[in-house]
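Here's the structure we're looking at; comments come further down.
Just so it is clear, none of the values below were taken in a lab; they were calculated from the coordinates. Here the structure is a predicted model, which means the values were calculated and not measured. Glycine also receives a Cβ, built like all others from the backbone with ideal geometry; neighbour counts cover every protein chain displayed.
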Amino acid sequence: MVEHRASAVHLGRGFWTATAALGVLAIISIVFWWLAPDSLFILPSVAAQPGADIDSLLRFMLASGSALFVFVAGYIIYFAIAFRARPTDAPDAIGVQVHDNHVLELWWTILPTAFVVLLSILSVKIWYNIQLAQPANGLVVESLGHQWYFTFRYPQIHGEVTDEMHLPQNQPVVLNVTSADVIHSFWVPAFRLKADMVPGLINTIRFTPTTPGRYPIVCTEFCGTRHGEMSALVPGDDGKANPGAQWLVVDTPENYQKWYRAQQIAHAKDSDALPQASSGTVDLSGGDAKLGQQLFATKCSACHAVGPYSQRIVGPGLKGVLHDSSHPNLVDGDPATPENVAKILQKGFTGDMGTMPNATANSLTDKDIANLVAYLASLK
Ligand code: HEC
Ligand SMILES: [Cu+2]
């Protein structure tokens, strides 16, 4: 029996029209992905590198993927219509049978391979910058996950910074993360970066903040009942900020330096070799008791009462420090003179009661010390 087999290899009458239409659609889809706002991806505007590269790669993949999709789906539809069975066809008619078209096979191997290689080069480049690159002037910072908050460690700041994480704009950062208890995950959506915080393991990511601003940090690994509080994106029960919610603040270099210095002082210990806010002998002439009283209220009253020596808060009551004859010597054993009080304010002192912070830790200038001593001398 003779097969009713179509013979001529042709593409159909509308092929080039269809191709042109698909080309236009493909260009529209490319332009669409290239211009789509970040909000379409449910993400905030990007504020770091390689976050911006990651966004570009995502857009490139979406653009090329949808252009490809337009052609594949478009031709399936076109050929299904152009070569549909017609009422005039014989009942056993079959289409053109194409085998072993080497030219075609070569191209459909080369093109996808080249495309996948291109994608891997682009991805590996970004991956390398996050995982392996060693920036020459990188700022090394640590973040620890706790149930249920993050803490941050900086070079030459004692202990852990607990409220906000600050980073300077345009400085490469090497961030080491780990956990103090269970597994957490550190995510800054505006940076497009995430790292698991695993107890006993340090994970490292590298990035450069590019835009000053406040960005939410989010824990993205379920870490216990109050996991949800480790997200600055989620409001607390009372609609206010979550207690465990922390922000990453990208500062201009000047503001960062100010913040860093303030943290150094706030976390300073007596033994620190910090540049002293005050050194040498303090000139006590011209001390203003009125200004000293104001300073005392903000810097000292948390630890000292204006009362008798025995009225202790953290340190002793200071009302009689220069006038109480039953208390001729200061806690460091020196005679109670204005100069020796100034020395304690300047250098700090650790004795039986605890630690009297030094001038750096209390951030006192020489003028502040003179004013404070004048105030203490005025108490009777
Ligand atoms: C963090 C708590 C704390 C703060 C803040 C603090 N002090 Fe003290 N201060 C102490 C302690 C504790 C002692 C006693 C140390 C010891 O002998 O163990 C002390 C001792 C002193 C003494 C010696 C008292 C004596 O009878 O010999 C003076 C004077 C003094 N502080 C002044 C000040 C002034 C002025 C300020 C504000 C600038 C201030 N302190 C801030 C904790 C503090
Ligand atoms: Cu967590």
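Mind giving me the FRET efficiency for residue 85 and residue 115? R0 is 30 Å, r the Cβ-Cβ distance, nearest 0.05 is fine. Kindly include the intermediate steps, with their values, before the conclusion.
On the way: r = 35 Å, r/R0 = 1.17.
With R0 = 30 Å, the Cβ-Cβ based efficiency is 0.30.
Could you check the spin-label model distance between residue 123 and residue 92? Points 7 Å from the Cα along Cα→Cβ, value in nm.
Inter-label distance under the simple model: 5.0 nm.
For the chain, what does the equivalent ellipsoid look like in terms of its semi-axes, each the square root of 5 times an eigenvalue of the Cα gyration tensor, given largest first in whole Å?
Working: eigenvalues 1112, 70, 61 Å².
For the chain, the ellipsoid semi-axes come out as 75, 19, 17 Å.
Report the net charge of residues surrounding residue 177, where surrounding means a beta-carbon distance below 14 angstrom and charges are Lys +1, Arg +1, Asp -1, Glu -1. Mind dumping the intermediate values first?
Values: positive: 153, 194, 206; negative: 142, 160, 181, 196, 221.
Taking every other residue near residue 177 into account, the sum is -2.
Taking only Cα atoms and a 10 Å spring cutoff, compute GNM fluctuations for the chain and point out the largest among 213, 351, 200.
351
If we sort 127-139, 68-80 on the protection proxy, mean other Cβ atoms within 10 Å, highest first, what's the order? Don't jump to the answer; show the numbers that get you there.
Values: 127-139: 12.4, 68-80: 14.1.
In decreasing order of mean packing, 127-139, 68-80 become 68-80, 127-139.
Quote to one decimal, in nm, the extra length available between residue 99 and residue 36 on full extension: 0.36 nm per residue of separation minus the C-alpha distance between them.
Values: separation 63, 0.36 × 63 = 22.68 nm, distance 4.24 nm.
Computed gain between residue 99 and residue 36 is 18.4 nm.
Net charge near residue 197: determine it from the other residues with C-beta under 15 Å of the C-beta of residue 197, scoring Lys and Arg +1 and Asp and Glu -1.
Values: positive: 153, 194; negative: 142, 160, 181, 196, 221.
Here the count lands on -3.
In the Gaussian network model of the chain, springs joining C-alpha atoms below 10 Å, which of 90, 26, 342 carries the largest mean-square fluctuation?
90
Pick from 368, 283, 100 the residue whose mean-square fluctuation is largest in a GNM of the chain, springs joining Cα atoms under 10 Å.
Evaluated over the chain, the most mobile residue of the options is 100.
Would you work out the charge dipole size for the chain about its Cα centre, treating the Cβ of every Lys and Arg as +1 and the Cβ of every Asp and Glu as -1, and quote it to the nearest 20 debye?
Numbers: 24 positive and 31 negative charges, 117 e Å.
For this selection, approximately 560 debye.
Would you calculate the separation in nanometres between label points at residue 311 and residue 107, each defined as 7 Å from the Cα along the Cα-to-beta-carbon direction?
About 9.5 nm, to one decimal.
Taking a quarter of the surface of the Cα convex hull of segment 139-266, what do you get in nm²? Walk me through the numbers before you get to the answer.
Values: hull surface 29.6 nm².
That works out to 7.4 nm², a quarter of the Cα hull's surface.
Residue 326 versus residue 285, label points 7 Å from Cα toward the beta carbon: distance in nm?
3.7
Could you go through segment 52-68 in sequence order and give the Karplus-derived ³J(HN,Hα) for each residue, using 6.51 cos²θ - 1.76 cosθ + 1.60 with θ = phi - 60°, rounded to whole Hz, and x for Gly and Pro?
5, 5, 5, 4, 4, 5, 4, 5, 4, 5, 5, 5, 5, x, 6, 4, 4
What's the longest uninterrupted piece of the chain once you rule out the GluC sites (Glu not before Pro) that are loop residues per DSSP with at most 16 other Cβ within 10 Å? Walk me through the numbers on the way to the answer.
Working: sites that count: 3, 160, 164.
That gives 165-380 as the longest site-free run.
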